[in-house]
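Novice: Pasting a structure below so you can have a look.
The values are calculated or read from the model by the stated rules, or taken from the named source; none is laboratory data. Bear in mind that the values here come from a model prediction, so they are computed numbers and not experimental data. Note: ideal-geometry Cβ built from the backbone for every residue, glycine included; neighbour counts use all protein chains shown. Heads up: the accessible areas ignore ligands, DNA and RNA and are worked out on the full protein's heavy atoms, side chains in. Shrake-Rupley method; radii C 1.70, N 1.55, O 1.52, S 1.80 Å.
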Amino acid sequence: MSFTVAIDGPAAAGKGTLSKAVSKHFGFAHLDTGLLYRAVGAKVAEGQDPFRAAEELVPEDLLRPDLRTLGAGQAASRVAALPSVRVALVDFQRRFALAPEGAVLDGRDIGTVICPQAEVKLFVTASAEVRAHRRWLEVGGDEAQVLAEVRERDERDMNRADAPLRPAPDAHLLDTSELSIDEAVAQAIDLIAAKRG
Ligand code: CDP
């Protein structure tokens with residue numbers, strides 16, 4: 001029997017760190033779905049057609065070393081607004097969610113569109129300033145520019161017509177602005193453990 005944990009939220013809210021810690025704790029498989037859009041965005045930047053890039057995506061594409069840059073994040077959020085790209089990536093994500101050992105998927109629309117039946121849904125957030133500071137610690141550069149980039153991407157992700165970023169009605173909200181990583185992880189583990197029984 002599968003057990004799916006959906007972790008959604010805006011850019012740099014801490015979904016990745018949280019998802020990795022939770023999947024390690026419970027022995028679940030983990031898919032960072034943002035990487036799918038980042039990989040498609042990178043292929044489109046190289047001149048490929050967005051739909052074909054999404055249709056022909058293979059797991060090795062997620063290992064590209066250039067997917068974590070700010071530019072790759074912007075390219076991802078642009079292709080992520082295209083319904084044809086989103087549709088082409090649905091099956092891969094749903095199949096992953098059925099991993100027999102249990103699965104954590106993190107992204108923007110996991111609890112609302114990809115896995116509305118997920119046993120646990122978390123919506124992780126933090127203020128834009130806190131999120132930009134965390135991303136700046138990872139990528140460096142000009143912090144004001146990182147904040148502008150985070151805000152632009154949030155705006156596009158929340159206002160697109162197809163699968164906009166928003167909490168599922170039954171999602172638990174986890175605001176990590178004032179929480180340490182360990183505190184956020186502990187809260188998530190408690191919630192999941194309670195559901196697993
Ligand atoms: O790591 P970070 O939160 O900055 O971004 P990400 O999760 O890697 O996602 C990059 C972009 O892909 C987002 O800004 C979204 O536009 C898009 N995305 C999406 O539309 N749906 C998902 N399930 C995951 C990512």
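Novice: Out of 32, 49, which single residue is under 12 Å from the mean Cα position of the chain (by Cα) and at negative phi?
Specialist: Selected residue: 32, the only one of 32, 49 that is under 12 Å from the mean Cα position of the chain (by Cα) and at negative phi.
Novice: Quick one: which of 109, 190, 162, 182 is out of contact with any Asp or Glu (no Cβ under 6 Å at 6 or more places or on another chain) and at pLDDT below 95?
Specialist: 182
Novice: Yes or no: residue 88 near the ligand (Cβ under 8 Å from one of its atoms) and either part of a loop (DSSP other than H, G, I, E, B) or within 27 Å of residue 149 (Cα to Cα) (or both)?
Specialist: No.
Novice: Also, quick follow-up: In a loop (DSSP other than H, G, I, E, B) and either over 24 Å from residue 134 (Cβ atoms) or within 13 Å of the ligand (Cβ to nearest atom) (or both): does that describe residue 11?
Specialist: yes
Novice: Something else: Output the residues belonging to segment 104-142 that are of a type in the set (Asp, Glu) and touching a His at 6+ places or on another chain (Cβ under 7 Å).
Specialist: If we filter segment 104-142 for residues that are of a type in the set (Asp, Glu), which is where we start, we get 106, 109, 119, 129, 138, 142.
Once the filter is applied, which keeps residues that are of a type in the set (Asp, Glu) and touching a His at 6+ places or on another chain (Cβ under 7 Å), segment 104-142 yields nothing.
Novice: Could you grab me the full set of residues in segment 54-70 that are farther than 19 Å from residue 108 by Cβ, part of a helix (DSSP H, G or I) and touching a residue at least 24 places away in the same chain (Cβ under 8 Å)?
Specialist: 55 - this is the single residue of segment 54-70 that is farther than 19 Å from residue 108 by Cβ, part of a helix (DSSP H, G or I) and touching a residue at least 24 places away in the same chain (Cβ under 8 Å).
Novice: I'm trying to understand the selection: among the residues of segment 41-69, which are buried (at least 17 other Cβ atoms within 10 Å of the Cβ) and within 9 Å of the ligand (Cβ to nearest atom)?
Specialist: 41, 67
Novice: Then there is this: What single numbered condition from (1) of a type in the set (D, E, K, R); (2) outside any helix (DSSP H, G or I); (3) open to solvent by 70 Å² or more (accessible area, probe 1.4 Å) fails to hold for residue 121?
Specialist: Evaluating residue 121 over (1) of a type in the set (D, E, K, R); (2) outside any helix (DSSP H, G or I); (3) open to solvent by 70 Å² or more (accessible area, probe 1.4 Å) leaves (3) as the failure.
Novice: Restricting to segment 138-197, name every residue that is farther than 30 Å from residue 87 by Cβ, open to solvent by 60 Å² or more (accessible area, probe 1.4 Å) and not in a helix (DSSP H, G or I).
Specialist: 141, 142, 175, 178, 197
Novice: Follow-up. State all residues of segment 77-117 that are among the β-branched types (Val, Ile, Thr), surrounded by fewer than 17 Cβ atoms within 10 Å (Cβ to Cβ) and in contact with a helix residue (DSSP H, G or I) (Cβ under 7 Å, 6 or more places away or on another chain); if no residue qualifies, say none.
Specialist: 90, the sole residue that qualifies.
Novice: Which of the residues belonging to segment 124-137 are open to solvent by 60 Å² or more (accessible area, probe 1.4 Å) and near the ligand (Cβ under 10 Å from one of its atoms)?
Specialist: Hit for segment 124-137 is 134, nothing else.
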